[in-house]
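Visitor: Take a look at the following structure, please.
Quick note: the coordinates plus some simple rules give every number you see, no bench work behind them. All values derive from a computational prediction rather than experimental measurement. When we count neighbours, we look across all protein chains shown, and the Cβ atoms used for this are built from the backbone with ideal geometry, even at glycine.
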Amino acid sequence: MAQDSVTVIDNRTGRSYEIPIVDGTVRAMDFRQIKVSSDDFGLMVYDPAFTNTASCRSSITYIDGERGILEYRGYPIDQLAEHSTFLEAAYLVIYGELPTRAQLDQWTRNITYHTYVHENIKRFMAGYNYDAHPMGILVGTTAALSTFYPDAKDVDDPQSREMQTWRLLAKMPTIAAYAFRHSHGLPYVYPDNDLSYTGNFLSMLWKMSEPQYKPNPVLEHALDVLFILHADHEQNCSANAMRSVGSSRPDPYSATAAATAALYGPLHGGANEAVIRMLLQIGDKKNVPEFIRHVKAGERKLMGFGHRIYKSYDPRAKIIKRTAYEVFEIAGRNPLIDVALELERAALEDEYFIERKLYPNVDFYSGIIYQALGFSMEMFPVLFAIARTAGWLAQWREMITDPEQKIARPRQVYTGLRRRDFVPIEERGKVAVA
Ligand code: CMC
């Protein structure tokens with residue numbers, strides 16, 4: 001009997017099965033052979049929300065949730081946050097290696113070249129209502145990009161994949177900034193390709209009548225660090241959406257729109273907006289104990305706390321907390337930081353949170369920085385989406401070229417009624433429905 005295996009005994013039949021273990025996993029399909037009779041479908045595994053199912057093999061991002069480790073392609077997140085730039089980190093996440101100087105220059109040129117969007121995209125965006133949530137605009141407009149680039153449908157062509165990668169990374173900030181300007185009734189600002197990726201984004205957001213916008217280097221750097229921290233996070237909800245939708249092989253704009261929609265939710269990218277709303281509601285440090293009582297009674301969630309993978313301090317939250325103070329030096333202190341610090345202190349000392357291993361996640365402090373940088377809450381998930389586009393593209397490219405991947409199509413445990421005869425409308429309601 002092979003040592004790297006498990007033996008499963010089916011108590012219904014007394015038969016035993018040897019299931020191989022590879023990389024700490026068993027294959028769900030190996031359970032299908034376990035049957036009570038030849039016409040039995042075979043055993044399935046049931047895993048709602050994929051809490052213990054690996055859906056792919058990936059070499060992009062490593063997380064050790066117990067130890068609070070996050071690495072892109074083996075490089076620790078804190079080293080990247082300290083020494084790298086978002087575009088360099090995006091290159092690393094997508095191609096697997098840090099670029100040489102020549103590669104980085106070429107990569108930067110390719111992305112810079114594609115920052116403009118078609119004028120019809122601008123007109124398309126003008127159709128959104130004045131109070132449209134910028135994340136809704138981003139979802140819709142990213143999907144609309146697919147109609148502008150029919151060549152993107154050829155997902156099996158490596159050159160096409162390359163081109164769409166540049167375009168998506170380049171155009172997300174442009175669309176995001178246009179969405180912001182639209183919701184404020186301000187004229188759109190065209191990209192300034194003399195600025196850095198993040199500097200240009202700030203220019204498209206804030207430029208008014210000055211001939212050239214000059215981003216504050218500290219704030220530009222802080223946003224760049226936030227982008228690095230958000231670039232990828234392995235098989236999270238939106239990466240899974242990117243892979244799942246991408247597996248039916250639509251163009252990557254459609255798949256990215258789906259991933260952006262997944263990010264929109266308050267349990268994922270919308271969490272930092274929910275954190276700020278929560279902090280505003282708490283209002284003052286003195287109200288923290290009462291709030292914690294509500295959380296423990298199951299009436300509220302402590303937003304920005306807890307994570308499916310991290311069962312210790314999210315390493316990104318540590319870096320963000322540090323960066324917040326650099327931003328406050330320039331932009332002024334966000335008073336919500338005091339409520340947040342007190343909330344963190346109280347939660348980390350409380351049995352409820354200790355027992356469940358609930359620690360601050362990336363979203364606990366990011367909203368506070370975004371707010372200090374001048375962003376409205378609606379823009380928070382949009383900022384997340386810009387950075388995460390790098391990860392989505394890396395995940396999508398890996399999925400497309402993985403010979404093991406097929407169209408994602410889970411099974412179900414059917415719990416509904418079985419065959420029954422159609423009831424004419426006049427006769428319905430006479431018999432109680434079982
Ligand atoms: N506040 C209070 N209790 C919590 C929280 C929280 N934030 N998170 C988890 N719990 C409790 C939960 O009620 C459960 O308790 P019990 O065992 O008594 O039923 C226990 O902890 C385990 O939680 P879970 O819901 O099984 O954990 P999950 O892995 O399904 O959920 C999560 C992970 C991130 C959705 C959840 O922790 C949460 O809703 N957090 C708040 C929202 C948030 O901050 N989301 C951002 C996540 S990080 C960024 C990203 O990935 O986009």
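Visitor: Under 26 Å Cα to Cα from K153, which lysines show up? Leave out anything in the same chain fewer than 8 places away.
Guide: K122, K171, K406
Visitor: Still on this structure, please answer the following. Can you pull out the chymotrypsin sites (Phe, Trp or Tyr not before Pro) in region 24-103 whose DSSP state is coil and whose Cβ has at most 11 other Cβ atoms within 10 Å?
Guide: Filter output for region 24-103: F41, Y46.
Visitor: Follow-up. Report, in degrees rounded to the nearest 10, the 0 to 90 angle that the Cα long axis of helix 197-206 makes with the longest principal axis of the chain.
Guide: 70 degrees
Visitor: Also, quick follow-up: To the nearest 20 Debye, how big is the dipole of region 280-372 about its Cα centre, given +1 on the beta carbon of each Lys and Arg and -1 on that of each Asp and Glu?
Guide: Roughly 280 debye for region 280-372.
Visitor: Find out how many positive minus negative residues lie around L80, taking Lys and Arg as positive, Asp and Glu as negative, among other residues whose Cβ is under 12 Å from that of L80.
Guide: Within the 12 Å Cβ shell, the charges total -4.
Visitor: In region 304-351, what trypsin sites (Lys or Arg not before Pro) fall in a loop by DSSP, with at most 14 other Cβ atoms inside 10 Å?
Guide: Those satisfying the criteria are R308, R333.
Visitor: Name the chymotrypsin sites (Phe, Trp or Tyr not before Pro) in region 114-213 that are in a loop by DSSP and that have at most 10 other C-beta atoms within 10 Å, would you?
Guide: Answer in residue order: Y130.
Visitor: With 10 angstrom as the radius, rank Y365, Y325, Y359 by how many other C-beta atoms surround their C-beta, starting from the fewest.
Guide: Y325, Y359, Y365
Visitor: A further question on this structure: Taking the 0 to 90 degree range and rounding to the nearest ten, how far is the long axis of helix 336-348 tilted relative to the main principal axis of the chain, both from C-alpha atoms?
Guide: 30 degrees
Visitor: Report, in deg cm²/dmol and to the nearest 500, the calculated mean residue ellipticity at 222 nm for the chain, where each DSSP H run with n ≥ 4 adds -39500 (n - 2.57) and the sum is divided by the residue count.
Guide: Estimated from H runs of four or more residues: -15500 deg cm²/dmol.
Visitor: Listing T401, T142 from the residue with the fewest other Cβ atoms within 10 Å to the one with the most, what is the order?
Guide: Ordered from fewest to most neighbouring Cβ atoms within 10 Å, T401, T142 come out as T401, T142.
Visitor: Something else: Work out the count of Lys pairs in region 280-372 where the Cα-Cα distance is under 19 Å, with the pair 8 or more places apart or on different chains.
Guide: 12
Visitor: Which order results if D192, D131, D363, D224 are arranged by neighbouring Cβ count within 10 Å, fewest first?
Guide: D131, D192, D224, D363
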